[in-house]
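A.B. asks: Structure below; questions to follow.
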Amino acid sequence: MALAVCFSLNCFAQGPSAVACVKDLEEIPGFLLENDTGARDHLAQLGQKHFDDALAEAKSAAIQIRGNPSCEPVITKYLRAWRHGHLGVEDVVAAPAAPAPQQVVPQQPGADASAQHLKNAPAIEILSAKTLRLTLKSFEPYNRDALIALIEARRKDLSEHSNWIIDVRGNGGGADSSYQPLMPWLAPDELASAGTEILATQANIEGWARICALDAPGDAECEKSLRDPLARMRKATPGTYVVMNDGGAMSYDRVGRLEQHRPSRVAILIDGGCGSSCEQFALEARQSFNVKLIGRHTYGSLDYSNLRPHDLPSGRRRLWYATTRSTRIPGLMVDVAGVPPDIYLPMEAGDAAKSEEVRRVQSWLEGGSLAPGKSK
């Protein structure tokens with residue numbers, strides 16, 4: 001009987017890569033249900049069979065791995081059965097090479113990173129005497145300083161243009177702190193904010209404790225920001241939720257410092273590529289009376305957040321999973337359908353269509369029409 005089962009699964013043909021991949025897959029469901037803030041909700045919504053079938057399919061695909069291809073695509077597809085955002089896996093150690101040593105071509109991560117930072121840097125384009133376009137391609141932490149520098153360098157232009165188009169189409173998020181330098185120009189006098197809860201488990205404590213070393217080595221501010229959440233988790237009963245701060249489920253905070261010369265009309269261009277911190281930016285900015293979201297629904301990846309690392313049993317891969325949940329849910333769930341626009345623009349294909357959207361929004365801000373092919 002054992003031999004029959006083994007042959008049916010091609011056991012003898014399985015190499016170490018397939019075995020390691022299956023081992024990692026088998027670890028994931030139990031770990032998520034204990035530590036990921038969205039997993040139990042997803043199980044209740046979709047049912048056990050949904051996840052059993054997804055795991056069986058993933059293990060079947062893993063068994064077919066031959067040689068040294070990555071298991072990452074197999075696990076990634078399986079994780080999509082749980083949710084489509086804020087859950088992922090990365091290879092951290094390459095699979096064992098063939099017996100003969102291979103020469104590795106040196107990489108230049110510093111140069112690659114600098115090029116990427118430059119490509120994603122915030123930018124301002126003057127469209128007319130009344131209107132400018134502020135493009136924010138990413139809210140990765142490195143863009144905070146870049147945005148501060150841009151605001152200071154172009155303060156005169158920002159102050160003198162009453163109409164702003166803020167283009168966050170394709171902005172996959174990063175950190176909420178990256179867009180904060182812009183909020184004095186946009187925020188209302190009072191900002192309503194949902195709270196955040198952390199699931200206190202030993203794995204989550206360990207994940208929070210190591211995140212700075214992985215994402216911001218040597219950053220004292222990062223270490224400082226984690227002290228209070230870590231202390232709250234360590235005091236809590238394992239498996240319970242603790243608040244990240246004392247603001248409660250909803251806080252209503254007066255905004256202390258607002259820019260004197262703020263734009264009078266702001267259109268924020270959003271689409272399905274706007275996710276995570278980009279969606280949080282949209283939720284906060286739209287509270288202003290003079291801000292409208294225009295375009296299409298955002299990606300829908302915000303309800304469960306603050307991803308932390310967990311090394312899978314093989315030692316080759318690292319799982320990134322959510323350790324917090326928003327107190328907005330279930331009343332206002334972003335993950336279901338994203339943040340909706342105030343004014344919907346149907347999606348058109350191609351770069352020319354993206355440029356045409358900017359032209360249409362400019363026309364609308366300046367008293368003309370938002371309709372295609374029309375202006376003032």
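A.B. asks: What list of ³J(HN,Hα) values in whole Hz, one per residue of the stretch 293-299 in order, does the Karplus curve 6.51 cos²θ - 1.76 cosθ + 1.60 (θ = phi - 60°) give from phi, with Gly and Pro shown as x?
C.D. replies: 8, 10, x, 9, 3, 6, 5
A.B. asks: Here's a follow-up. Please enumerate, by chain and number, the lysines with C-alpha under 20 Å from the C-alpha of Lys119, excluding those fewer than 8 residues away in the same chain.
C.D. replies: Within the straight-line cut-off, Lys119 pairs with Lys137, Lys354.
A.B. asks: Same structure again: So what are the ³J(HN,Hα) numbers for the stretch 41-48, from phi and the Karplus equation (6.51, -1.76, 1.60; θ = phi - 60°), rounded to whole Hz, Gly and Pro as x?
C.D. replies: 4, 5, 4, 5, 6, 9, x, 5
A.B. asks: Hey, another quick one. Once you charge only the Cβ atoms, +1 for Lys and Arg and -1 for Asp and Glu, what is the size of the charge dipole of the stretch 108-227 about its Cα centre, to the nearest 20 debye?
C.D. replies: It comes to approximately 380 debye.
A.B. asks: Oh, and also: Out of residues 5 or more away from Asp342 or on other chains, whose amide H comes under 5 Å of its own, with H placed 1.01 Å from N in the peptide plane?
C.D. replies: Counting only residues 5 or more places away or on other chains, the set is Leu293, Ile294.
A.B. asks: Got a sec? Charge dipole of the chain, +1 on Cβ for Lys and Arg, -1 for Asp and Glu; which of Ala285, Ile165, Thr37 is way out at the positive end?
C.D. replies: Ile165
A.B. asks: Next question. What residues qualify as long-range amide H neighbours of Ser276, i.e. H under 5 Å apart, gap of 5 or more or another chain, H built at 1.01 Å from N?
C.D. replies: Gly300, Ser301
A.B. asks: What do you reckon, how do Leu214, Leu46 stack up by accessible area (1.4 Å probe), largest on top?
C.D. replies: Highest to lowest solvent-accessible surface, that is Leu46, Leu214.
A.B. asks: So I have (i) 20.8, 68; (ii) 20.4, 62; (iii) 23.6, 81, and one of them is Rg and Dmax of the Cα atoms in Å calculated from this model. Which one is it?
C.D. replies: The calculated read-out lines up with (iii).
A.B. asks: Multiply the residue separation of Thr237 and Ala249 by 0.36 nm, subtract the distance between their alpha-carbon atoms, and state the gained length in nm to one decimal.
C.D. replies: 2.3 nm
A.B. asks: Please report the accessible area of Met333 (heavy atoms, 1.4 Å probe, ligands and nucleic acids excluded) in Å², nearest 10.
C.D. replies: 60
A.B. asks: Karplus couplings for the stretch 114-129 from phi (6.51 cos²θ - 1.76 cosθ + 1.60, θ = phi - 60°), rounded to Hz, Gly and Pro as x?
C.D. replies: 4, 5, 5, 4, 5, 5, 9, 5, x, 8, 10, 10, 7, 9, 6, 5
A.B. asks: Charges at C-beta only: +1 for Lys and Arg, -1 for Asp and Glu. How large is the resulting dipole of the stretch 206-293 about its Cα centre, in Debye rounded to 20? Mind dumping the intermediate values first?
C.D. replies: Numbers: 12 positive and 12 negative charges, 64 e Å.
The dipole magnitude comes to about 300 debye.
The values are calculated or read from the model by the stated rules, or taken from the named source; none is laboratory data. All figures in this text were calculated on a predicted structure; none of them were measured in a lab. Cβ coordinates were reconstructed from backbone atoms using ideal geometry, including for glycine residues, and neighbour counts include every protein chain displayed. Side chains are part of the model used for accessible areas, which takes the heavy atoms of the whole protein and leaves out ligands, DNA and RNA. Shrake-Rupley method; radii C 1.70, N 1.55, O 1.52, S 1.80 Å.
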